[in-house]
Amino acid sequence: MKTQKIALIGGPSSGKTTLINALKSDGYYCMEEISRQITLDAQEKGIDQLFLEDPLLFSEKLLLGRRNQFTEAESINQDLVFFDRGLPDVVAYLDYLGNSYPKSFKTICSEHKYDYIFILKPWKAIYEQDNERYETFEQAIEIHKFLLKSYSEFGYTIQDTPFGTVKERINFIINHLSDQR
């Protein structure tokens, strides 16, 4: 059985983590977002926002962590594995910042392909800023555009996920995946 890898992507505070947590509660195998942990680890070392202070180092840690999650998913005996963000997010965020990065970043993204991509649009009604999420809602809209561009450049078909309750969004994703099989 080939495990289908499904990435839930979107800008800050679009509902990805809420959906991942609900999918986990429903018994699905999910890979959690790791950027918060990287940020918290850096804060313990006195670096308030590693992404802002050293975007390349932060992105390198993130890329390697997500690649490890991707590799781990290949050995999981489940039909579906959901990811809170994917590898091309790293490239999208660096492009958003206008930062350069090694060619290897795009190579890693090209060599590790997800089976399905669901994007969640910025959603003003649920938008919140906190210690790890510094972006404004307007910046979230811009990041959304860079995510679309990045995933498109890697050849993905991106499925828009409509606004709705958590259950409605999960039903949309699961029904879409069922229709594709």
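List of remarks:
- In a fully extended conformation the segment linking Glu60 and Ser100 would gain 13.2 nm over its present Cα-Cα distance, using 0.36 nm per residue.
- Judged by the gyration tensor of its Cα atoms, with axes a ≥ b ≥ c, segment 138-181 is oblate; a/c meets the 1.5 cut and b/c is at least as large as a/b.
- Once the chain from Glu72 to Ile158 is taken as fully extended at 0.36 nm per residue, the excess over their C-alpha distance is 28.6 nm.
- Mean residue ellipticity at 222 nm, helices only, the chain: -16000 deg cm²/dmol; runs of at least 4 DSSP H residues each add -39,500 (n - 2.57), and the sum is divided by the number of residues.
- Descending semi-axes in Å of the chain, equivalent ellipsoid built from Cα gyration tensor: 24, 19, 16
- Karplus (6.51, -1.76, 1.60) ³J(HN,Hα), θ = phi - 60°, over segment 106-115, in Hz, Gly and Pro reported as x: 5, 4, 4, 4, 5, 7, 10, 9, 7, 7
- Here Arg66, Arg36, Arg169 are placed in order of increasing Cβ neighbour count within 10 Å, fewest first, which gives Arg36, Arg169, Arg66.
- Listed peptides 107-116, 70-79 by packing density, highest first (mean Cβ within 10 Å): 107-116, 70-79
- Packing-based ranking, highest mean first, of 9-21, 152-164 given that Cβ atoms within 10 Å are counted: 9-21, 152-164
- Within the same chain, lysines fewer than 8 places from Lys2 are excluded, and of the rest, those with a Cα less than 22 Å from its Cα are Lys24, Lys113.
- Cross-link partners of Lys149 among aspartates and glutamates (Cα-Cα below 15 Å; sequence separation of 8 or more within a chain): Asp89, Asp95, Asp160
- Spin-label model distance (nm) - Ile126 vs Asp179, 7 Å beyond Cα toward Cβ: 2.0 nm
- Order of Asp95, Asp26 under a 10 Å beta carbon neighbour criterion, fewest first: Asp26, Asp95
- Integer Hz, Karplus 6.51/-1.76/1.60 couplings in order for segment 173-179, x for Gly and Pro: 5, 5, 4, 4, 5, 4, 5
- Whole-Hz Karplus values for segment 8-19 come out as 9, 10, x, x, x, 6, 9, x, 4, 5, 4, 5 Hz, taken residue by residue from phi with 6.51 cos²θ - 1.76 cosθ + 1.60 and θ = phi - 60°; glycine and proline positions read x.
Since every read-out is calculated from the coordinates, none of them should be taken as a lab result. Predicted, not measured: the structure shown is a model, and the values here were computed from it. Heads up, the Cβs are rebuilt from the backbone with ideal geometry, glycines too, and the neighbour counts pull from every protein chain shown.
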